[in-house]
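All remarks here apply to the structure that follows.
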Amino acid sequence: MSSTTKAPPREELVRRATELVPLLRKHAEWTEENRRLHDETIEGLAAAGIFRMRTPARYGGYESDSQTLNDVMVQLGRGDGAVGWTASVWAIPGWMVGMFPDAVQDEVYSTPDVRVCGTLSPSGMATPKDGGMVINGRWSFISGALHSHWQEIIAMAPAPDGVNMWPVMALVPMSDLQVIDDWYASGLKGSGSVTTVANDLFVPQERILPMPVVLQGQTVSALNAGIPMYRNPLIGVANASSVGTAIGLAEAARELFFERLGDRKITYTSYDHQAEAPITHYKVTDATMKIDQAKFHADRITRLVDTKGASGDQWTLEERARTRADVGMVSALTKAAVDVLSLASGGSSVYSKVPMQRITRDIHAFNLHALLAPEPNFEIYGRVLCGLEPNTLYI
């Protein structure tokens with residue numbers, strides 16, 4: 001790490017995130033209703049240093065490892081799933097900025113606490129032009145766009161062979177894009193995952209990279225080449241960045257269940273106290289063990305990413321595929337745990353003032369993301385275990 005900035009230890013960053021939980025819960029209803037993060041939430045995240053965790057030390061960042069990032073995201077997810085989700089999304093494109101030339105990073109990081117949103121979907125077209133490319137496209141599900149300064153967009157462009165097309169990633173200021181406020185969703189409503197549009201947007205060549213280079217984590221930055229957090233493939237980094245929010249949501253559901261258990265009875269039965277019913281004992285154990293299992297898979301991802309980053313060793317294909325399976329297991333297990341607790345919370349839990357219904361909707365939305373959904377991730381790992389090539393570039 002550069003001597004420019006001394007990063008707070010993991011325990012300190014986790015403590016700061018934990019202290020944000022009351023603020024996040026205070027604004028959670030407002031965040032849902034307004035479909036964006038509250039300004040006080042943004043200020044709190046900035047003050048806690050969350051936006052510096054995936055920034056090089058020479059720009060005032062902490063160069064945090066994946067385990068630290070995961071532990072922080074667990075706490076943010078405990079406070080509000082939409083906040084944890086958005087913060088984890090910012091962490092991923094924020095890492096991708098480190099793939100670009102140093103001069104481009106100088107421009108991006110000239111903004112304090114800069115936030116970069118993005119996508120991995122190549123839903124644009126790029127046409128070469130002297131000095132760069134002209135891009136037209138439309139990108140949906142852009143979490144955090146309303147509070148971002150830059151966006152990474154993906155477009156299809158002519159490949160070097162002059163025959164085929166391949167995806168490229170471009171880094172553009174939010175002021176160059178049109179924002180369409182279309183985020184009317186059932187879960188993670190506060191993430192503000194709107195649509196952005198580029199119309200005949202010229203992007204200089206230095207702010208464009210071939211997507212395969214980014215997927216492999218092959219930074220073109222001379223100054224970043226030796227930094228551990230940049231010596232990993234994108235999907236491994238993305239998986240390690242995402243799992244904390246899901247675990248935080250499951251932890252929040254468990255906390256809330258026990259907070260409400262109190263003197264709750266099981267209506268239309270002889271149980272005056274739900275806590276005395278054997279079925280309750282079974283369900284809380286079932287949910288707790290599922291959360292513990294999810295933590296195992298999250299820990300396996302983050303340890304692999306941090307170990308490989310520190311050593312610089314190459315990833316095997318099986319390791320890459322296994323992180324896809326691990327993140328799928330985290331999704332499945334945390335959703336199952338939340339469902340158990342939610343269904344044991346009684347009819348009163350459907351009221352909007354009771355966070356259990358929001359937690360349930362948020363974890364269901366998490367499981368619908370194409371890179372987090374369990375079944376496709378299991379299939380990819382299974383293909384590799386059976387000696388087949390993965391049927392995706394995102395590995």
Is at least one residue of segment 307-316 under 23 Å from ALA82 (Cβ atoms), out of contact with any Cys (no Cβ under 8 Å at 6 or more places or on another chain) and buried (at least 17 other Cβ atoms within 10 Å of the Cβ)? no
If you go through ASP80, ASP71, the only one that is under 22 Å from ALA365 (Cα atoms), of a type in the set (Asp, Glu), in contact with a Gly (Cβ under 9 Å, 6 or more places away or on another chain) and crowded, with 24+ Cβ neighbours inside 10 Å is ASP80
Would you pick out the residues in segment 241-274 that are among the aliphatic types (A, V, I, L, M) and under 30 Å from ASP306 (Cβ atoms)? VAL243, ALA246, ILE247, LEU249, ALA250, ALA252, ALA253
Note on segment 1-44: residues part of a helix (DSSP H, G or I) and of a type in the set (Ser, Thr, Tyr) are THR18, THR31, THR41
Selection from segment 45-60 of residues that are buried (at least 24 other Cβ atoms within 10 Å of the Cβ) and not in a helix (DSSP H, G or I): MET53, ARG54, THR55, PRO56
The residue from LEU388, LEU304, LEU333 that alone is part of a loop (DSSP other than H, G, I, E, B) and either touching a helix residue (DSSP H, G or I) at 6+ places or on another chain (Cβ under 7 Å) or more than 30 Å from PHE258 (Cα to Cα) (or both) is LEU388
Go through segment 229-258 residue by residue and tally those that are open to solvent by 60 Å² or more (accessible area, probe 1.4 Å) and over 17 Å from LEU343 (Cβ atoms). 1
For a quick check of your reading of the model, give me the residue pairs whose first member lies in segment 70-89 and is within 16 Å of GLU33 (Cα to Cα), whose second is buried (at least 24 other Cβ atoms within 10 Å of the Cβ) and of a type in the set (D, E, K, R), with beta-carbon atoms closer than 6 Å and at least 6 apart or on different chains. GLY81/ASP362
Please verify whether SER331 is among the polar types (S, T, N, Q), under 21 Å from the mean Cα position of the chain (by Cα) and under 30 Å from TYR282 (Cβ atoms), treating the condition exactly as stated. yes
Looking only at segment 154-175, count how many residues are more than 15 Å from ILE208 (Cα to Cα) and either crowded, with 22+ Cβ neighbours inside 10 Å or of a type in the set (Ser, Thr, Tyr) (or both). 1
Which members of segment 102-127 meet the condition of being surrounded by fewer than 17 Cβ atoms within 10 Å (Cβ to Cβ) and touching an Asp or Glu at 6+ places or on another chain (Cβ under 8 Å)? ALA103
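The values are calculated or read from the model by the stated rules, or taken from the named source; none is laboratory data. Just so it is clear, the model here is predicted, and its values are computed rather than measured. Reconstructed Cβ throughout: ideal geometry from the backbone, glycine too, with neighbour counts over all protein chains shown. For accessibility, only protein heavy atoms count, side chains too; no ligands or nucleic acids. Shrake-Rupley method; radii C 1.70, N 1.55, O 1.52, S 1.80 Å.
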